[in-house]
Amino acid sequence: MNAIEIRGVTKSFGSVRAVDDLTVTVPAASTYGFIGPNGSGKTTTLRMILNILLPDSGTIAVFGQTGTAAARDQVGYLPEERGLYKAVKLRWLLRYFSRLKGKSGPEQDAYIDGWLTRLDLAAWADKRIDSLSKGMAQKAQFIAALAGRPSLLVLDEPFSGLDPINRDVLKDAVLELKRSGITIVFSTHDMSVAEQMCDRVFMIFRGRKVLDGSIDEIQATYGFDTVRVRTDGGAEALAGLSGVESVNDFGRTQDVRLKGDPQAFLAALAGRTRVQYFEVVRPSLHDIFVRIARPEADDAVA
Amino acid sequence: MRWRERLFVVAAAEVAMAVRGRAFIIGIMFAPVMMAAAIGFQRVSQNRIDKEDRRFAVIDHSGVLYLRIADLAREWNETIARRGASGLRENDTAASRILPEPVQPAGTEDDVKRALVDRVKRKELKAFIEIPADVLRGGPDSRVRYYSNDATETTLPRWVETNVTRAALTERFKASSLDFAEATRLTRQVPMSRLDLPTWDERGVARESAVDPARAVGIPILAMLLLWFAVLGSAPPLMQGVLEEKQSRTSEVMLGSVTPFEFMGGKLLGSTTVSLIVAGVYMTSAFIVAQWLGYVDVIGVRLIAVFVTYVIAAALLYGSVFISIGAACSDFKDSQAMMMPAMILIMLPVFAWPTVLRAPTGALAVAISLIPTATPFIMLPLSTNPPGPPVWQQIVGLCLTIATAVLFVWAAGRIFRVGILMQGKSATPAEMLRWVRKA
């Protein structure tokens, strides 16, 4: 069974078409990345999946159920903009979100306590939300999304603003959920997260789907047109070389998008500076994202 | 999980969040404490004995009244001295000595007045009066002129008006050879006692009781204020709560679990429950006070039922207005501006109350009582005085209020659905109207 089936969905706000004839299928138990620049229609799509917004046309089915909020109890949602009631205690709040999903009782309390312990928040369970640090509040929000024991978890930028330690804690929790068979939808700008954690990625740009598939499939469509180099001369040594379409400078290394033979490029580069490292690679998801979403592409789509 | 269960979960959480903590206790106590403090202050200030002497000058063009006025002042001052000696507490006017002094003509009339003005400014005098020469003829244009720089003073002007009249009447009767005491007896007004309808007990003995101003006016006003506080205690905070949820993005989290309708409906149900809790606390307090003061018979089952009905209707009606404002606004400044018309709507019945009280069965009062936003605040106090408004008026008023509450809740649902997700810009009233029509 598919967790989400979006078929020909269109949604407009006034004269702005936020989502245009979108079709995407998210298989159950998969980890799916929703990527796209700001204002591309990601959040609108997520809100339609969650039944917060209704599509103008097309259908959205969540676990086979369409058009109603029937699947709502099976979905957990962590929005990008975090928000929790500040004047209440953490445990009370998590029980409240549980009850909203129809879950209560001693077993549910034990489930909540388990997650509080797992994310190092047990000592804060009876403290008010406004006494939690930003990182703690973010973890609390994550538990709130899990409170209804969802089969589908929608995470909008789950790691943003977290320090490396809490990021790892949350990443491990997500992987554990994935192993337990929960379908996870990531909405993110962090391409490394999408690349490392997602089975499949879908990219939306100006309301339209521009990518959909596994990372391998997506990279394969772009071929081996990129070389990663490290030279004594750095990025300056690449200036004016024949066949160079664009350079993504990381300081110590540079990813160079080529048009032409990589060997000829290597020979030309070696003639300018000492080459320490040279590898023909497939373009990263970051590069593909930038290629699609750069301003010129924006104009092309328009 | 069914929508009704979710609605009740949201409502229960709203109630729990509203009533927990000191803020609710302080809020619930604030209104009655302030009311009691205001009444207490009024009573204390009424009982305060004003002992400041009232010295004033008299320009007597009649040439005969001053001596009478001086006599009357002397009598007055002796009475005060006697009462003071026997330890009686009097109202403020009774404890001030009245000290008139004649003005001897010196120079022109202007010079005399200038000198008196200086003395008033130096606070040697409270005022000076000018009695016209024709005062004894009793012409329609003959009037005493009272000059002072204290517009709020009431004790001395009141004394002067009463006693100059007494002095003039005495002199007029004397001039016409009539017996003043006899004339006073013959022209004395016939007093009237206002009574409730008499009742007869089982032995056929008639019982009469005087109209009690506390029952006639005090209790209705109190009932209206209690309803007012119960609604004000929940409706405006609802707007603030929705706005905070929007600003903190909690609303987005909530909408991941409940539909906008369940969210708004739960909040509205919760705030109505809070109103009922507040009303329950006030009613219980009112019952205790009424028992203590001997008015417990006023609080019957019928009145409680009417009170609860109107609390629910008013809380839903005004709650839906305030929740719409909260959903449509993006910051507190805008919400305050949009709240003003709603507050005027809620204040109007209070302003209209004196008109209704003067003629409760008049066409204007009936019309006001049938305006849905005013009905709870007008019909409830009218119901405290048996037999209350006619049944048809109560039924029509209640039906219109319920219909309007349903309409407002429906419109609020449409505004809420769009507004709750809107960030950065507050909606205009025209936009809100468009959402209602098109959502």
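Here is how the numbers come out for the structure above:
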{"read-out": "Residue list for the range B:2-31, filter: within 19 Å of A:LEU93 (Cα to Cα), within 10 Å of chain A (Cβ to nearest Cβ) and hydrophobic (A, V, I, L, M, F, W, C)", "value": "B:PHE8, B:VAL9, B:VAL10, B:ALA12, B:ALA13, B:ALA16, B:MET17"}
{"read-out": "Given (1) of a type outside the set (Phe, Trp, Tyr); (2) touching a residue at least 40 places away in the same chain (Cβ under 8 Å); (3) assigned to a helix (DSSP H, G or I); (4) surrounded by fewer than 22 Cβ atoms within 10 Å (Cβ to Cβ), index of the condition A:ASP113 fails", "value": "(2)"}
{"read-out": "Test: residue in the range A:90-98 that is crowded, with 20+ Cβ neighbours inside 10 Å, at the interface with chain B (Cβ under 8 Å from one of its Cβ atoms) and in contact with a Phe, Trp or Tyr (Cβ under 9 Å, 6 or more places away or on another chain)", "value": "yes"}
{"read-out": "Pairs with Cβ under 7 Å, 6+ apart, first in the range A:119-133 and surrounded by 15 or more Cβ atoms within 10 Å (Cβ to Cβ), second assigned to a loop (DSSP other than H, G, I, E, B) and β-branched (Val, Ile, Thr)", "value": "A:ARG128/A:VAL88; A:ILE129/A:VAL88"}
{"read-out": "Residue check for B:ALA37: more than 30 Å from B:THR250 (Cβ to Cβ) and assigned to a helix (DSSP H, G or I)", "value": "yes"}
{"read-out": "Pick from the range A:21-59, criterion more than 14 Å from every other protein chain (Cβ to nearest Cβ) and over 20 Å from the mean Cα position of the chain (by Cα), ranking: surrounded by the most Cβ atoms within 10 Å (Cβ to Cβ)", "value": "A:PRO55"}
{"read-out": "Count - residues of the range B:121-146 that are surrounded by 15 or more Cβ atoms within 10 Å (Cβ to Cβ) and either at pLDDT 95 or above or outside any helix (DSSP H, G or I) (or both)", "value": "11"}
{"read-out": "Meets criteria (within 14 Å of another protein chain (Cβ to nearest Cβ), loosely packed, with under 15 Cβ neighbours inside 10 Å and at positive phi) for A:GLY64", "value": "no"}
{"read-out": "Some residue of the range B:182-192 being surrounded by 10 or more Cβ atoms within 10 Å (Cβ to Cβ), within 27 Å of B:PHE377 (Cα to Cα) and more than 14 Å from chain A (Cβ to nearest Cβ)", "value": "no"}
{"read-out": "Tally of residues being of a type in the set (Asp, Glu), in a helix (DSSP H, G or I) and surrounded by 11 or more Cβ atoms within 10 Å (Cβ to Cβ) across the range B:91-110", "value": "2"}
{"read-out": "Number of the condition not met by A:PRO150 [criteria: (1) assigned to a helix (DSSP H, G or I); (2) in contact (Cβ under 8 Å) with a residue 12 or more places away in the chain; (3) not β-branched (Val, Ile, Thr)]", "value": "(1)"}
{"read-out": "Residue match in the range A:100-110 (condition: in the same structural domain as A:THR31 (by TED's automatic domain parsing), of a type outside the set (D, E, K, R) and under 21 Å from the mean Cα position of the chain (by Cα))", "value": "no"}
{"read-out": "Residue check, A:PHE289 closer than 30 Å to A:MET48 by Cα and assigned to a strand (DSSP E or B)", "value": "no"}
{"read-out": "Residue match in the range A:130-146 (condition: part of a helix (DSSP H, G or I) and more than 28 Å from A:ILE35 (Cα to Cα))", "value": "yes"}
{"read-out": "Check on B:LEU195, more than 24 Å from B:LYS333 (Cα to Cα), modelled with pLDDT of 85 or more and more than 14 Å from chain A (Cβ to nearest Cβ)", "value": "no"}
{"read-out": "Residues satisfying the stated conditions in the range B:405-435, i.e. out of contact with any helix residue (DSSP H, G or I) (no Cβ under 6 Å at 6 or more places or on another chain) and under 25 Å from B:PRO372 (Cα atoms)", "value": "B:VAL406, B:LEU407, B:TRP410, B:THR428, B:PRO429, B:ALA430, B:GLU431, B:LEU433, B:ARG434"}
{"read-out": "Which listed residue is crowded, with 17+ Cβ neighbours inside 10 Å, on the phi < 0 side of the Ramachandran plot and not in a helix (DSSP H, G or I), from B:SER257, B:SER271, B:SER275, B:SER251", "value": "B:SER257"}
{"read-out": "Positions within the range B:336-358 being surrounded by fewer than 21 Cβ atoms within 10 Å (Cβ to Cβ) and either of a type outside the set (A, V, I, L, M, F, W, C) or in contact with a strand residue (DSSP E or B) (Cβ under 6 Å, 6 or more places away or on another chain) (or both), in sequence order", "value": "B:GLN336, B:PRO341, B:PRO354, B:THR355, B:ARG358"}
{"read-out": "Residues of the range A:241-260 classified as of a type outside the set (S, T, N, Q), more than 11 Å from A:ASP225 (Cβ to Cβ) and more than 32 Å from the chain's Cα centre (by Cα), total", "value": "1"}
{"read-out": "Test: residue in the range B:217-228 that is more than 14 Å from chain A (Cβ to nearest Cβ), free of Cβ contacts under 8 Å to residues at least 60 places away in the same chain, over 30 Å from B:LYS333 (Cα atoms) and part of a loop (DSSP other than H, G, I, E, B)", "value": "no"}
{"read-out": "Selection count, the range A:202-221, where residues are buried (at least 16 other Cβ atoms within 10 Å of the Cβ) and farther than 26 Å from A:ASP56 by Cβ", "value": "3"}
{"read-out": "Count - residues of the range A:104-152 that are within 11 Å of chain B (Cβ to nearest Cβ) and charged (D, E, K, R)", "value": "2"}
{"read-out": "Given (1) more than 25 Å from the chain's Cα centre (by Cα); (2) in contact (Cβ under 8 Å) with a residue 60 or more places away in the chain, index of the condition A:PHE202 fails", "value": "(1)"}
{"read-out": "Lone qualifier among A:VAL19, A:VAL9 - being touching a Lys or Arg at 6+ places or on another chain (Cβ under 7 Å) and not in a loop (DSSP other than H, G, I, E, B)", "value": "A:VAL19"}
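Results for (1) within 14 Å of another protein chain (Cβ to nearest Cβ); (2) under 15 Å from B:ALA18 (Cβ atoms), shown as yes or no for each residue.
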| position | (1), (2) |
| --- | --- |
| B:GLY233 | no, yes |
| B:LYS246 | yes, no |
| B:GLY256 | yes, no |
| B:GLY266 | yes, yes |
| B:LEU269 | no, yes |
| B:THR273 | no, yes |
| B:LEU276 | no, yes |
| B:GLN291 | no, no |
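The values are calculated or read from the model by the stated rules, or taken from the named source; none is laboratory data. The model shown is predicted, which means the values in this text are computed figures rather than measured ones. Using ideal geometry, Cβ is built from the backbone for each residue, glycine included, and neighbour counts are taken over all protein chains shown.
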